[in-house]
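Here the structure comes first, spelled out in structure tokens, and everything after it is commentary.
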Amino acid sequence: MMSVRHLLAGRGGRSSAVDVALLLLGVFAGVAFVMHGWGKVADVSGFAAEQGVPVVLGAAAAYVQCIGGLLLVVGLLTPLAAFGIGVTMAVAV
């Protein structure tokens with residue numbers, strides 16, 4: 001059975017504090033994107049009209065934020081989720 005100390009042990013020379021900080025950062029950012037994306041998913045056509053973009057692009061942005069944030073929280077496909085969110089945020093600027 002794994003101990004808590006073993007689960008929090010750093011990998012690759014990093015300390016466990018860095019690992020915990022990265023975990024909290026990913027969870028916090030993921031929850032923020034899920035919350036912001038959820039409102040857009042609930043009314044995709046309204047969001048697209050408000051931003052002046054086609055519905056397809058509005059839906060893509062909304063679902064990338066919502067699903068990408070969920071993937072960040074869970075820790076699955078993190079590089080792909082971060083890339084999608086990053087592209088969405090770059091276009092939003």
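The values are calculated or read from the model by the stated rules, or taken from the named source; none is laboratory data. All of these numbers come straight from a predicted model, not from anything done at the bench. Positions of Cβ are backbone-derived with ideal geometry, glycine not excepted, and every protein chain shown enters the neighbour counts. We work out accessible area using only protein heavy atoms, side chains counted, and drop any ligands, DNA or RNA first. Shrake-Rupley method; radii C 1.70, N 1.55, O 1.52, S 1.80 Å.
Six or more apart or on different chains, Cβ under 8 Å: which pairs go from a residue in the stretch 65-93 that's closer than 22 Å to residue 47 by Cα to one that's charged (D, E, K, R)? Could you list them?
65/40; 66/40
Exactly one condition in (1) surrounded by fewer than 14 Cβ atoms within 10 Å (Cβ to Cβ); (2) part of a helix (DSSP H, G or I) is not met by residue 85; state its number.
Residue 85 satisfies all of (1) surrounded by fewer than 14 Cβ atoms within 10 Å (Cβ to Cβ); (2) part of a helix (DSSP H, G or I) except (1).
Return the residue satisfying two criteria in turn: it lies in the stretch 64-77 and is farther than 14 Å from residue 28 by Cα and part of a helix (DSSP H, G or I), and of such residues it is most open to solvent (accessible area, probe 1.4 Å). Working first, answer last.
Initially, the stretch 64-77 is screened for residues farther than 14 Å from residue 28 by Cα, giving 64, 67, 76-77.
Imposing the further condition that a residue be part of a helix (DSSP H, G or I) reduces the set to 64, 67.
Details: 64: 51, 67: 92 Å².
By that ranking, first place goes to 67.
I'd like to check something: does the stretch 39-46 contain any residue that is modelled with pLDDT of 85 or more, within 20 Å of residue 81 (Cβ to Cβ), out of contact with any strand residue (DSSP E or B) (no Cβ under 6 Å at 6 or more places or on another chain) and open to solvent by 40 Å² or more (accessible area, probe 1.4 Å)?
Narrowing the stretch 39-46 to residues modelled with pLDDT of 85 or more: 39-46.
Filter again for within 20 Å of residue 81 (Cβ to Cβ), leaving 39-41, 44.
If we keep only those that are out of contact with any strand residue (DSSP E or B) (no Cβ under 6 Å at 6 or more places or on another chain) as well, we get 39-41, 44.
From the residues that got through so far, the ones that are open to solvent by 40 Å² or more (accessible area, probe 1.4 Å) too are 39-40.
Yes.
Looking at this structure, is residue 30 out of contact with any Leu (no Cβ under 9 Å at 6 or more places or on another chain), part of a helix (DSSP H, G or I) and surrounded by 13 or more Cβ atoms within 10 Å (Cβ to Cβ)?
Working: out of contact with any Leu (no Cβ under 9 Å at 6 or more places or on another chain): no; part of a helix (DSSP H, G or I): yes; surrounded by 13 or more Cβ atoms within 10 Å (Cβ to Cβ): yes.
So residue 30 fails the test.
List, please: which pairs have Cβ atoms under 8 Å, are six or more places apart or on different chains, and start with a residue in the stretch 28-42 that is β-branched (Val, Ile, Thr) and end with one that is part of a helix (DSSP H, G or I) and open to solvent by 80 Å² or more (accessible area, probe 1.4 Å)?
34/70; 41/63
Taking the condition in contact with a His (Cβ under 8 Å, 6 or more places away or on another chain) and of a type outside the set (A, V, I, L, M), does residue 51 pass?
Values: in contact with a His (Cβ under 8 Å, 6 or more places away or on another chain): no; of a type outside the set (A, V, I, L, M): yes.
When the stated conditions are applied, residue 51 does not pass them.
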